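The values are calculated or read from the model by the stated rules, or taken from the named source; none is laboratory data. Computed from a predicted structure; not experimentally measured. A quick note on method: Cβ atoms are made from the backbone with ideal geometry, for glycine too, and the neighbour counts reach across all protein chains shown.
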Amino acid sequence: MRCSGRLVQWNEARGFGLVQIDGSGERVFVHISAWQPRPAAQQRPQVGMPLTFALGMVQGKPRALAVAWQEPHRRAPVQGRARAAGATAVPGQVRRSQGARTPALHRGASKPLLVLVLWWVAVAAVWGVSEWVVLAYAGLSLWCFGTYWHDKHQAQSGGWRTPEATLHALALLGGWPGALLAQQWLRHKSSKPEFRQAFWATVVLNMLAFTGLHVPAVQAWLLHR
């Protein structure tokens, strides 16, 4: 899967840096050898340059591979006209257009979250939910949110990342509300289709287990096994 991003750190002496993925804000390691073709001496990577790349894993860490320039200089006249048009736009219109895009990040998850909350409340209303279960969900959600925050911080600083399997395990155990909030508020892991599919699978499995364990017939069957 190819991604687009911008070079945010670069060590010319050692030939490596960090590229920030558009949309998610996640930062991944990039080495000069990943450019295809390798940049000439007069065209070295510079902080702020837009790039396209394939997101891969090397020794368990995400890395930018098959890096290519977006060559913004070819689109400079178009960008110049866009900037000129933006300069004549009414400030209120600009603010409204920017504000209209921001909630869209949250609308994508609002409906599924509402369905899950109603599902959870329905189970509690029909069969009752122990306060220990409520506390467990709250604690796991806080733990999961903190783990997402730590992973994003490590991604931005180039540190050791939290394995995705750990994030999925916390969601499966009941920390998915915190994971969902972290994905939306922190803009972390919210733009990777494979991760999102696995995440929603853990949510559905958790809710099925949560529902089944509160059905009296299932409880009786488990007690008499």
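Starting from residues that are touching a residue at least 40 places away in the same chain (Cβ under 8 Å) and buried (at least 19 other Cβ atoms within 10 Å of the Cβ), keep the ones in the range 177-194 and report whichever is farthest from MET1 (Cα to Cα). Selected residue: PRO177.
Here is a check on your reading of the model: is GLY159 under 24 Å from the mean Cα position of the chain (by Cα), exposed (fewer than 14 other Cβ atoms within 10 Å of the Cβ) and free of Cβ contacts under 8 Å to residues at least 40 places away in the same chain? Answer is yes for this residue. Number of residues in the range 190-225 that are more than 16 Å from the chain's Cα centre (by Cα) and charged (D, E, K, R) equals 1.
VAL129 meets each of the listed conditions (1) in contact (Cβ under 8 Å) with a residue 24 or more places away in the chain; (2) within 30 Å of ASN11 (Cα to Cα) apart from (2).
Per the conditions (1) in contact with a His (Cβ under 9 Å, 6 or more places away or on another chain); (2) outside any helix (DSSP H, G or I); (3) among the hydroxyl-bearing types (Ser, Thr, Tyr), the sole criterion not satisfied by THR202 is (2). When each of ARG75, ARG63 is tested for being among the charged types (D, E, K, R), surrounded by 10 or more Cβ atoms within 10 Å (Cβ to Cβ), at pLDDT 50 or above and closer than 30 Å to GLN43 by Cα, the lone residue that passes is ARG63.
Output the number of residues of the range 212-225 satisfying the condition of being in contact (Cβ under 8 Å) with a residue 24 or more places away in the chain and either surrounded by 12 or more Cβ atoms within 10 Å (Cβ to Cβ) or assigned to a loop (DSSP other than H, G, I, E, B) (or both). Selection size over the range 212-225: 2. Here the range 195-211 is the region considered, the condition is being of a type outside the set (A, V, I, L, M, F, W, C) and touching a residue at least 24 places away in the same chain (Cβ under 8 Å), and the residue that is surrounded by the fewest Cβ atoms within 10 Å (Cβ to Cβ) is THR211. Only a single item in (1) touching a Phe, Trp or Tyr at 6+ places or on another chain (Cβ under 8 Å); (2) under 25 Å from ALA209 (Cα atoms) is not met by GLY139, and it is number (1). Cβ-Cβ distances below 7 Å connect the following pairs, each with a first residue in the range 42-53 that is in a loop (DSSP other than H, G, I, E, B), a second residue that is acidic (Asp, Glu) and surrounded by fewer than 17 Cβ atoms within 10 Å (Cβ to Cβ), and a separation of six or more residues or different chains: ARG44/GLU12. Please state which one of GLY5, GLY17, GLY25 is outside any helix (DSSP H, G or I), surrounded by 14 or more Cβ atoms within 10 Å (Cβ to Cβ) and modelled with pLDDT under 85. Within the list GLY5, GLY17, GLY25, the selection yields GLY25.
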